[in-house]
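FYI, it's all coordinate maths here, none of it is from the lab. This is a predicted model, so every value here is computed, not measured.
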Ligand code: SF4
């Protein structure tokens, strides 16, 4: 299976008044074609910053200070004043115009709150026209509207509602519109950042179902960012667990739920409600993540970990592949380490 996206040694820092906060720290990740990679972890663990890094849209005062974001471009893109050759390209090496050409056409990002992304003064049809014509100048307005109507219909919205304004839609429908705008240019990678967090569980289930359908229909690969592991259980092929900007565990979804290795993953799963086990006592993780501006030495999960050992206070544990296929950053699994 080909990797659509390969992230290598990516680090992102935010300059704050108190000092530098490393929000993404030495991250390695792969996403295969037509697969969904779930990115989970507590709020502030760096998931969204990682997603925005792929788009090269880390907000000021953040900056990507090292790493590669390798993307497998399936066709050359030619635009006024430049081009991007097909093949495996490092998004970090592209200039602003090249990156603009790739965004929308090959990469799309869906934000958590559609109301802040949709212009309340513009009809839905004009949102579609704007996005499509920005990248495909030859497309006439009628054609862009037709495409928008088809997409709305796929998402269960009556096509005639393309003339409505954002405020005329419910929260769930607005999120569907955002997803529709995201796929309007048939991107290859859709990054969905907490796409269902603000929605009730029924609408959430519908939207996740629609995302799965779209993924098949449009041959999409997806990076699904969420704090809700339950969402990933239904949708992701693989899951990466992040904590304090670092990847703690990567595993096939089934393996992660059946046999979580990292103590942090184990804690997160104990906090997920299960309707099949109404008697399950939900656990919570005592303490809070350490300050990213003044990080502790060694494993960042150490102050909250019941298995912490002497070695855990030395160096951050490397992400190592286990015989079971999972990759875990924890000294409990490092061979030759004294477990005391
Ligand atoms: Fe716990 Fe040590 Fe593993 Fe960190 S490296 S999760 S402190 S056992």
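The range 196-266 and the range 144-183 have their alpha-carbon centroids 24 Å apart.
For the range 258-333, taking the reciprocal of the average inverse distance between every pair of different Cα atoms yields a Kirkwood hydrodynamic radius of 13.9 Å. Is the shape of the range 1-136 rounded, prolate or oblate, going by the alpha carbon gyration tensor and its root eigenvalues a ≥ b ≥ c, with a/c under 1.5 for rounded and a/b larger than b/c for prolate? Oblate. Hydrodynamic analysis of the range 115-240 uses the Kirkwood radius over alpha carbon pairs. Inserted into Stokes-Einstein at 10 °C and 1.306 mPa s, it gives a translational diffusion coefficient of 106 µm²/s. With axes computed from alpha carbons, what is the tilt in degrees of helix 141-154 against the longest principal axis of the chain, rounded to the nearest 10 within 0 to 90? Once rounded, the angle reads 50 degrees.
Once the Cα atoms are used to define both axes, helix 201-217 deviates from the longest principal axis of the chain by about 70 degrees. Bridge orientation summary for the chain: considering DSSP beta bridges with both residues in this region, about 65 percent are antiparallel.
First check a/c for the range 133-183, with a ≥ b ≥ c the square roots of the eigenvalues of its C-alpha gyration tensor; if it is under 1.5, answer rounded, and if not, answer prolate when a/b is larger than b/c or oblate otherwise. Verdict is prolate for the range 133-183. Dividing the convex hull volume of the alpha-carbon atoms in the range 1-78 by its residue count gives 105 Å³ per residue.
Legend: translational diffusion of the chain by Stokes-Einstein, Rh = Kirkwood radius over C-alpha pairs, 10 °C, 1.306 mPa s; D = 75 µm²/s.
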